[in-house]
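Some notes on the structure that comes next.
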Amino acid sequence: MKLINKSIPSIRLSEFISEIEDCIAAAFYGDTFWITTEISDVNKKPDKRWCYLKLIEKEGKNVTAEIGAVFWTPGYAYIEKFEKETKQLFKDGLEITCRVKVTFHKRWGLKLEVVEIDYAYTLGKLEAERQETLERLVKENPDHVKLVGEQYYTYNKSLPLPTVVQRIALITAPESDGQRDFKQELINNPYGYAFHVDEFVTQIQGDKAHEFILGKLLLIEAQKEKYDVIAIVRGGGSQLDLKAFDNYDLAQAVASFPIPILTGIGHDRNTSIVDLMARQEKTPTKVANVLIQRNFQFEQNVLELKERLSDTVDTLFTNAKNNLKEIKRFVKASNPLTILKKGFAIVKQNNVIVTNPSTIEVGAEIQIQFDKETISSTVTKKKKNGK
């Protein structure tokens, strides 16, 4: 049996892909679309100002939709603006709203080019999450967190600072600006105060940072009698990530912690939830300065007390000296010899001073002592003095 080859009509791959490209271009040419999506597999190329990533959608933990995306140079500026405005790194796991256009390449296939990011959406989402955490803290921890007006009052903030601060537990990142600034401020204080600082260095930025910080707090709590205060500090930078300090579990631990906590984890416009649960001093330098001034105030109080004590003692000595002079004058004036010099006389019977004339009988012998002489006499008559 002879096989007959029949030619099957076909076109080249490039021609077929061109037809797909034409269809996509016809459907989406010139159009852009706003979408809300989670990002993953972020691969930034700062030197070229490109960024490759995936846009995904999930139901629970399962990815239900996925497409590759790219930022070219014009769009890369929006990543920088996003990080500046939100204080968040542009990284895996973020949910963003962005404007995209559909692109198709014969070799690289279908991609979405991101041309703009609505960072206001991310800010709003972060603020909503933050408010939800704050409301949960107040609702679930009524003994430790209270909202009065716009102020948060916590158990930790109610703890009085020691009169003198000497022993400090420092939670910070290793070899960081915050660590250096805090320690240098303490060491170089103008009053020569000495502080003992135990450092609990850990990661304070990233998805797991709140767990690491919480672990350090638990370690400190196990030896809480060793410390007067805790300082949590971090340095600044162009890409701040304070998300760890908005974590519920960490904020709850800080609010109920039995040692006063001072925070210096942001700049003037940054306030995390942990800041609201503790004593916020903005920067590491300011935290150190508060502790220095605490000790300075104690020293001033002692010096003032010393001055007041010295003044009081001086006054007591002066008053006692004056009183002694008055007593001396009184004693001198009360001396019988002084009285005799003024023309008075002392009556004696049997050389005993007589103060009650009724004891002297008529005919008794008496002695009358004057300043210079004493006269012996016999009583011949007694008479009561009239008024």
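The values are calculated or read from the model by the stated rules, or taken from the named source; none is laboratory data. It should be emphasised that the depicted structure is a prediction, and the values quoted were computed from it without experimental measurement. Methodologically, a virtual Cβ is constructed for each residue, glycine included, from the backbone with ideal geometry; neighbour enumeration extends over all protein chains shown. Protein only, heavy atoms only, side chains kept; ligands, DNA and RNA dropped before computing areas. Shrake-Rupley method; radii C 1.70, N 1.55, O 1.52, S 1.80 Å.
Quick notes
- Residue, farthest from Ala244 (Cα to Cα), within the range 123-136, restricted to residues that are of a type in the set (A, V, I, L, M) and surrounded by 13 or more Cβ atoms within 10 Å (Cβ to Cβ): Leu123
- Residues of the range 75-98 satisfying the condition of being charged (D, E, K, R) and not in a helix (DSSP H, G or I): Lys87, Lys91, Asp92, Glu95
- In the range 68-103, the residues that are out of contact with any strand residue (DSSP E or B) (no Cβ under 9 Å at 6 or more places or on another chain) and of a type in the set (Ser, Thr, Tyr): Thr86
- Close pairs from the range 78-99: first closer than 26 Å to Lys61 by Cα and without any contact (Cβ under 8 Å) to a residue 60 or more places away in the chain, partner open to solvent by 70 Å² or more (accessible area, probe 1.4 Å) and of a type in the set (Val, Ile, Thr), Cβ under 9 Å, at least 6 apart: Glu95/Thr36
- Qualifying residue in the range 137-152 (condition: of a type in the set (A, V, I, L, M), within 30 Å of the chain's Cα centre (by Cα) and open to solvent by less than 20 Å² (accessible area, probe 1.4 Å)): yes
- One residue from Lys101, Lys44 being open to solvent by 60 Å² or more (accessible area, probe 1.4 Å), within 30 Å of Ser272 (Cβ to Cβ), outside the structural domain of Lys243 (by TED's automatic domain parsing) and not in a loop (DSSP other than H, G, I, E, B): Lys44
- In the range 29-41, residue least open to solvent (accessible area, probe 1.4 Å) [restricted to those that are of a type in the set (Phe, Trp, Tyr) and in contact with a strand residue (DSSP E or B) (Cβ under 8 Å, 6 or more places away or on another chain)]: Phe33
- Residue within the range 321-331 that is open to solvent by less than 70 Å² (accessible area, probe 1.4 Å) and either assigned by TED's automatic domain parsing to the domain that holds Phe182 or not aromatic (Phe, Trp, Tyr) (or both) present: no
- Flag for Glu116 being under 20 Å from Ile35 (Cα atoms) and touching a Cys at 6+ places or on another chain (Cβ under 8 Å): yes
- The single condition among (1) part of a helix (DSSP H, G or I); (2) in contact (Cβ under 8 Å) with a residue 40 or more places away in the chain that Leu110 does not satisfy is (1).
- Checked against the criterion of being in a strand (DSSP E or B) and either within 18 Å of the chain's Cα centre (by Cα) or among the small types (Gly, Ala, Ser) (or both), the candidates Ile220, Ile171 yield just one match: Ile171.
- Scanning the range 178-208 for residues that are acidic (Asp, Glu) and under 18 Å from the mean Cα position of the chain (by Cα) yields Asp181, Glu185, Asp198, Glu199.
- Subset of the range 66-90 [farther than 30 Å from Glu15 by Cβ and open to solvent by 50 Å² or more (accessible area, probe 1.4 Å)]: Thr73, Pro74, Tyr78, Glu80, Lys81, Lys84, Glu85
- Residues located in the range 191-210, provided they are within 17 Å of Ile230 (Cα to Cα) and either modelled with pLDDT under 85 or outside any loop (DSSP other than H, G, I, E, B) (or both): His196, Val197, Asp198, Glu199, Phe200, Val201, Ile204, His210
- Candidate set: the range 110-153, residues that are modelled with pLDDT of 90 or more and basic (Lys, Arg); chosen: the one nearest to Asp31 (Cα to Cα): Lys111
- Test: residue in the range 286-307 that is assigned to a helix (DSSP H, G or I), among the acidic types (Asp, Glu) and without any contact (Cβ under 8 Å) to a residue 24 or more places away in the chain: yes
- Of the residues making up the range 76-120, just one is within 17 Å of Asp41 (Cα to Cα), among the aromatic types (Phe, Trp, Tyr) and touching an Asp or Glu at 6+ places or on another chain (Cβ under 7 Å), namely Phe90.
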